[in-house]
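Shown next, in structure tokens, is the structure this report addresses.
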Amino acid sequence: MLQLVVFDLDFCVWRPEMYQIQGPPTLSNLQKMEDGIKQPRKRKKQKSNNVSISMLPKKPNTNRKGMIVTDKVGTPITVFDGASHALAEINNWRKSDCPERSAIKVAVASCTDKPSFARQCMEWLIVDDGSTLSS
């Protein structure tokens, strides 16, 4: 009987890895980012990350309307489709009447040197069923 499922975070649940991002995660408006890529403006001396439309999620991926998670220079932080589907499926099992499925526990593992960044991403990022990674 399955009792515990453990997910590694960096490059298993999401990308990029926490050590690869510039500064703490932040919420960014998806529409404004798309518009900014389509019609770029010159910026003052700020690190550029060369974000392309293909790097952005197809839809908002957070529990905040219209928002996505990025680093301070706009690099999107996204949940892999497979991880999102798997976590949503486990959430469904946990809601079931079957005692074997409803007792499954989920944990995360990470050796990140930025645990506060990871915790913030888990609070904001959602999976297929709309629940956050931290729920």
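The values are calculated or read from the model by the stated rules, or taken from the named source; none is laboratory data. Predicted model only: the values in this text are computed from it and were never measured. Note that each Cβ is placed from the backbone with ideal geometry, even for glycine, and that neighbours are counted across all protein chains shown. In case anyone asks, the SASA skips ligands and DNA or RNA and just uses the protein heavy atoms, side chains included. Shrake-Rupley method; radii C 1.70, N 1.55, O 1.52, S 1.80 Å.
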- prompt: How many percent of all Cα-Cα pairs in the stretch 65-135 sit more than 19 Å apart?
  reply: 41
- prompt: What residue among Met67, Ile126, Ile104 has its Cα farthest toward the positive end of the dipole of the chain, where the charges are +1 on Lys, Arg and -1 on Asp, Glu, each on the Cβ?
  reply: Met67
- line: Sorted by chain and then number, the residues having a modelled amide H within less than 5 Å of the amide H of Phe7, at least 5 places away or on another chain, are Ala107, Val108, Ala109
- prompt: In a shell of Cβ-Cβ distance under 14 Å around Leu27, excluding Leu27 itself, what net charge do Lys and Arg (+1) and Asp and Glu (-1) give?
  reply: +2
- request: With unit charges on the beta carbon (Lys/Arg positive, Asp/Glu negative), name the residue among Ser135, Trp14, Met1 whose Cα is farthest towards the positive pole of the charge dipole of the chain.
  value: Trp14
- request: Go through Lys65/Lys114; Lys72/Lys95; Lys58/Lys114 and tell me which ones have a Cα-Cα distance over 30 Å in this structure.
  value: Lys72/Lys95
- line: Output for the stretch 95-135: trypsin sites (Lys or Arg not before Pro) sitting in coil per DSSP, at most 14 other Cβ within 10 Å, listed by number, reads Lys95
Alpha-carbon centroid distance for the pair the stretch 68-135 / the stretch 1-42, whole angstrom: 12
- request: First select every other residue whose beta carbon is under 12 angstrom from the beta carbon of Leu87; then total the charges, Lys and Arg +1, Asp and Glu -1.
  value: -3
query: Which option, (i) -0.30, -0.66, -1.25; (ii) -0.34, -0.78, -1.37; (iii) -0.44, -1.04, -1.35, is the value of log10 I(q)/I(0) by the Debye sum over Cα atoms at q = 0.09, 0.14, 0.21 Å⁻¹ that was calculated from these coordinates?
result: (i)
message: If you count only protein heavy atoms with a 1.4 Å probe, what accessible area per residue comes out for the stretch 44-109, rounded to a whole Å²?
response: 64
task: Just the number, please: carbon plus sulfur as a percent of the accessible area of the chain, 1.4 Å probe, no ligands or DNA/RNA counted.
output: 51
- prompt: Taking Cα atoms, how many degrees apart are the long axis of helix 81-94 and the longest axis of the chain, rounded to 10 and kept between 0 and 90?
  reply: 30
- line: Length-normalised contact order of the chain, Cα under 8 Å, at least 6 apart, in percent, tallies to 36
Within the chain, helix-based [θ] at 222 nm, where runs of 4 or more DSSP H residues each add -39,500 (n - 2.57), nearest 500: -8000 deg cm²/dmol
